[in-house]
Ligand code: SAH
């Protein structure tokens, strides 16, 4: 019954997309789960996203025009391809079909970087002559499971991560040489060993096969080191606009004490540090904090410090210690912030709060809470970080009443 229902829903979506005849030339719509809006024009998507934000936020503040992309294609600078076999045992690469473990072969994708797609295709073509078997999920035999490609937007540096089921990779040196001959722009190649049975792409073991093991990108005048597993916005063009708007709304004059909560690898805080007195970043993921600290060093920033802690707990101790904060920047995950965090924020009473959100529903909930605690929302800026998908990013600036 459930399956029958799912099939009908899929058929209905495919049918409605085909009828609208506006799939942007993507043959995978309805099968691949990435894009939901290929049957809408880009203008229609922007209007729909802004409408969603307006419906939630207009009772709080003015909702500005959505910041969209000039060219909403091939924006993903992090691409992964799943490797497997077709019925005739030929290697294929692509994505898992929506909610399944069947591989949908994909040659090129409208939202992925084209060079990254080409590299995945070239690797697939090289497997036979190097006698590399792709991994078979059912039997556990075979070596190559996934290929992850990350590209720096400003620098053009490219990292290729070959995810294998075992650390033994025969003729890896020749394989890397042959790949680099085709793409000299590949600056590093890493092998990652993943023998897990879930759908996580990366395992815990890494071996650098070529180069430094990471790439560097530049955004808003700061350099960022990107390792295979680092969090870094997948759409750097829009990330730059998002961060610039957030910093503009923070209204920094060079003297302020700023907290960057849920700071990840420290991107927003580091950009803010150039026009603030000092910045305090807090983040719960230890690897992200490590990257943040080394990024700050590489940028020669001396007025920023990072702490590994739960953001709510950290802010409560700041409140208890009577630390004075002028501006609070916050960028929580989809679940939004905690009441403990928001209570502590209100106690510390920064003049301004800039809330960056990837989920307008929890954003609205948290803004309502802050309004009860003495803040007034001034404006909301939707930013389209993920064209053709349903994801909505929004920045809201709040001031102390
Ligand atoms: N501002 C960053 C990352 C935002 S993603 C950027 O733009 O790159 C949200 C971050 O919140 C993630 O790095 C996640 O690890 C972190 N996080 C999630 N829950 C947290 C918590 N309770 N306390 C601190 N950080 C948390």
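The values are calculated or read from the model by the stated rules, or taken from the named source; none is laboratory data. For clarity, every value in this text was computed on a predicted model and none was experimentally measured. Here the Cβ positions follow ideal geometry from the backbone for every residue, glycine too, while neighbour counts run over all protein chains shown.
Residues in the range 63-80: is at least one crowded, with 20+ Cβ neighbours inside 10 Å, part of a strand (DSSP E or B), more than 19 Å from the chain's Cα centre (by Cα) and at pLDDT 95 or above?
Scanning the range 63-80, I find at least one residue that is crowded, with 20+ Cβ neighbours inside 10 Å, part of a strand (DSSP E or B), more than 19 Å from the chain's Cα centre (by Cα) and at pLDDT 95 or above, so the answer is yes.
Does residue 189 satisfy the condition of being assigned to a strand (DSSP E or B), within 14 Å of the ligand (Cβ to nearest atom), farther than 27 Å from residue 391 by Cα and modelled with pLDDT of 95 or more? Working first, answer last.
Values: assigned to a strand (DSSP E or B): yes; within 14 Å of the ligand (Cβ to nearest atom): no; farther than 27 Å from residue 391 by Cα: yes; modelled with pLDDT of 95 or more: yes.
Considered against the rule, which asks whether it is assigned to a strand (DSSP E or B), within 14 Å of the ligand (Cβ to nearest atom), farther than 27 Å from residue 391 by Cα and modelled with pLDDT of 95 or more, residue 189 comes out as no.
So if I check each of 288, 296, 346, which one is crowded, with 17+ Cβ neighbours inside 10 Å, in contact with a strand residue (DSSP E or B) (Cβ under 6 Å, 6 or more places away or on another chain) and not in a loop (DSSP other than H, G, I, E, B)? Don't jump to the end; show me each part of the working.
Numbers: 288 fails: in contact with a strand residue (DSSP E or B) (Cβ under 6 Å, 6 or more places away or on another chain); 346 fails: in contact with a strand residue (DSSP E or B) (Cβ under 6 Å, 6 or more places away or on another chain).
On inspection, the qualifying residue turns out to be 296.
Yes or no: the range 81-90 includes at least one residue that is at pLDDT 95 or above and within 19 Å of the chain's Cα centre (by Cα).
yes
Taking the range 303-332 as the region of interest, how many residues are more than 16 Å from residue 276 (Cα to Cα) and either surrounded by fewer than 23 Cβ atoms within 10 Å (Cβ to Cβ) or touching a helix residue (DSSP H, G or I) at 6+ places or on another chain (Cβ under 6 Å) (or both)?
Qualifying residue count, the range 303-332: 18.
Could you please let me know if residue 298 is modelled with pLDDT of 95 or more and within 12 Å of the ligand (Cβ to nearest atom)?
Numbers: modelled with pLDDT of 95 or more: yes; within 12 Å of the ligand (Cβ to nearest atom): no.
So residue 298 fails the test.
Keeping to the range 333-343, report how many residues are surrounded by fewer than 16 Cβ atoms within 10 Å (Cβ to Cβ) and in a loop (DSSP other than H, G, I, E, B).
Of the residues in that region, 3 qualify.
Tell me whether the range 91-109 contains one or more residues that are assigned to a helix (DSSP H, G or I) and in contact with a strand residue (DSSP E or B) (Cβ under 7 Å, 6 or more places away or on another chain). Please lay out each step first, then the result.
We begin by selecting, within the range 91-109, every residue assigned to a helix (DSSP H, G or I); these are none.
Taking every residue of the range 91-109 in turn, none turns out to be assigned to a helix (DSSP H, G or I) and in contact with a strand residue (DSSP E or B) (Cβ under 7 Å, 6 or more places away or on another chain).
Would you mind listing the strands (runs of 3 or more DSSP E) fully within the range 203-267 where at least 3 residues are surrounded by 18 or more Cβ atoms within 10 Å (Cβ to Cβ), within 14 Å of the ligand (Cβ to nearest atom) and on the phi > 0 side of the Ramachandran plot? Before the answer, list the steps.
Details: elements: 205-210, 215-219, 222-226, 257-261.
Filter on the range 203-267 gives an empty set.
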